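Okay, structure first, notes after.
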Amino acid sequence: MEIREITLEELDTEKLIAEKVEEISSTVGDGLAINALSGGVDSSVVTMLGHKALGNRFKSYFIDNALMREGEPEYIVSLFKDLGVTVEIADAEKTFFEALKGLTDPEEKREAITSSFYKDIFAQLVKDTGAKYLLQGTNYTDIEETVAGIKRQHNILEQIGIDPEEMYGYKILEPLIQLRKSAIREVAKAVGLPEEIFNRPPFPGPALATRVIGEVTPERVKIVRGATRIVDEELSNIGAFQYLAILHDDKVTGIREGKRDYGLQIEIRCWESTDAKIGSPTRLPYDVLDRLAERLTTEVPGVVSVTYNITKKPPSTIEAI
Ligand code: XMP
């Protein structure tokens, strides 16, 4: 199926919202639909559209795969509660760590995450609730990157030959598939989401697993989660498109209290971009970099080296995995 992009310039937010609400409502009929809310702008918009279209025939879940940022499940549940939308937390820690065990290849890790989401978690939720439809926030850039063979985005199925109904037993609706991030932010604003959501930096579906080079274990996720909190605290007021901390697989020789300390390396990336298709590194002030190095090496156990990535996308991508 050919998907046509709706550009920011041609977007009529009210019209799009009305059309998508109508589409969801008529497709799902008197049945039930579910979605997974990650707290990113895309899934947040889908949650609002599903809620508007279906009311209590729509159930939203926060999949707690243990790869999310610190305090995220509680924060998102409470924010949506204030908007009148109930979000249930689905515990999925064991499923994801088991699927990721022993994997180091980036595409194999992505495949394991996709399969855990669709085959294990969503299939079970669909079975438990009786839902026939899964609503998800796939966007135009996700499709483009997967089709171009750059990265397999966690939410792409049809474009790589997977029929979700045949494979997993439910249908998927993707109301944002024609939009890029900048257009989705406009829809987010129009659908009543607060600024902390519509202006939130993107966060990938496979979550912190995209920022762990090598095997994704609970211990290594804990390290990158700690580093992410510090990077978020230091860079949230910079106005960048996205910023992240990456845990490297290889160690380097450091020195602590006069002794050799063979320790961990954290790489920081901070991006200027509008739609994640291309990007360039933010020219961060040196005192900000200095503070990041100081905090990461003192507050995250085992870190002896901090680097700042100065590469553009392309040839880099935004996430490490
Ligand atoms: P890359 O790393 O491909 O990232 O340059 C482009 C944008 O997409 C986000 N990203 C993802 N989002 N599922 C998502 O929902 C994914 O599998 C995924 N991989 C990357 C990334 O954070 C950036 O904003």
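The values are calculated or read from the model by the stated rules, or taken from the named source; none is laboratory data. Source: prediction; values computed, not measured. In this analysis, Cβ positions are derived from the backbone assuming ideal geometry, glycine residues included, and neighbour counts consider all displayed protein chains. These area figures cover heavy atoms from the full protein model, side chains too; ligands, DNA and RNA do not enter into them. Shrake-Rupley method; radii C 1.70, N 1.55, O 1.52, S 1.80 Å.
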> In nanometres, what is the gap between the two model label sites at Val252 and Arg291, each 7 Å from Cα along Cα-to-Cβ?
Replying inline: 2.3 nm
>> Principal axis extents for region 43-187, Cα atoms only, whole Å, descending order, please.
In response: 41, 34, 32
> Rounded to the nearest 500 deg cm²/dmol, what is the calculated helix-only ellipticity per residue at 222 nm for the chain, with -39500 (n - 2.57) per DSSP H run of length n ≥ 4?
Replying inline: -11500 deg cm²/dmol
>> Please report Rg (one decimal) and Dmax (integer) in Å for the Cα set of region 190-244.
In response: 13.3, 40
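Before I look further, what does region 212-308 give for accessible area per residue, probe 1.4 Å, in whole square angstrom?
Working: 4920 Å² over 97 residues.
Per residue, region 212-308 has an accessible area of 51 Å².
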> Using the C-alpha atoms of region 171-220, what convex hull volume per residue, in cubic angstrom, is computed?
Replying inline: 150 Å³
> How long is the gain from Thr274 to Glu93 if the chain were fully straight, where each residue apart is worth 0.36 nm and the alpha carbon distance is subtracted?
Replying inline: 61.9 nm
> With charges set only on the Cβ (+1 for Lys and Arg, -1 for Asp and Glu), what does the dipole of region 66-176 come to about its Cα centre, in debye to the nearest 20?
Replying inline: 120 debye
>> Under the √(5λ) rule applied to the eigenvalues of the Cα gyration tensor, what semi-axes describe the equivalent ellipsoid of region 76-115? Give them in Å, descending.
In response: 31, 11, 7
> Alpha carbon centre of region 136-162 versus region 175-192: separation in Å?
Replying inline: 18 Å
> Mean separation of Cα pairs under 8 Å and 6+ residues apart, divided by the residue count of region 240-312: what relative contact order is that in percent?
Replying inline: 35 percent
> Under a 5 Å amide H to amide H cut-off, with H placed in plane at 1.01 Å, what residues pair with Lys151 once short-range neighbours are removed?
Replying inline: Thr146
> Under the Karplus relation 6.51 cos²θ - 1.76 cosθ + 1.60, θ = phi - 60°, what is the ordered set of whole-Hz ³J(HN,Hα) values for region 280-295, x standing for Gly and Pro?
Replying inline: 9, x, 5, 7, 5, x, 5, 5, 5, 4, 4, 5, 4, 4, 4, 5
> For Glu233 and Tyr308 in one chain, what is 0.36 nm times their gap in residues minus the Cα-Cα distance, to one decimal in nm?
Replying inline: 25.4 nm
>> How are the alpha carbon pair distances in the chain distributed across 20 Å bins from zero to the largest one, expressed in percent?
In response: 31, 58, 10, 0
> Say the cut-off is 18 Å between C-alpha atoms; which of Lys20/Lys127; Lys59/Lys127; Lys59/Lys151; Lys59/Lys171 go over it?
Replying inline: Lys20/Lys127; Lys59/Lys151
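Which value, to two decimals, describes the C-alpha radius of gyration of region 212-308 once divided by 2.2 N^0.38 Å?
For region 212-308, the normalised Cα radius of gyration is 1.11.
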>> Could you work out what % of the accessible surface of region 212-308 is carbon and sulfur, using a 1.4 angstrom probe and leaving DNA, RNA and ligands out of the count?
In response: 50 percent
> For the chain, what's the relative contact order in percent, using C-alpha pairs closer than 8 Å and at least 6 residues apart?
Replying inline: 17 percent
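Kirkwood hydrodynamic radius for region 137-187: how many Å is it when counted over pairs of different Cα atoms?
11.6 Å
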> When the label point is put 7 Å from the Cα of Glu196 along its Cα-to-beta-carbon vector, which residues of region 1-42 have a backbone N closer than 20 Å?
Replying inline: 37-42
> For region 13-198, which whole-number percentage of the solvent-accessible area (1.4 Å probe, protein heavy atoms only) is attributable to carbon and sulfur atoms?
Replying inline: 47 percent
> Efficiency by 1/(1 + (r/R0)^6): what FRET value for Ser316 and Asp12, r their Cβ-Cβ distance, R0 = 41 Å, to the nearest 0.05?
Replying inline: 0.75
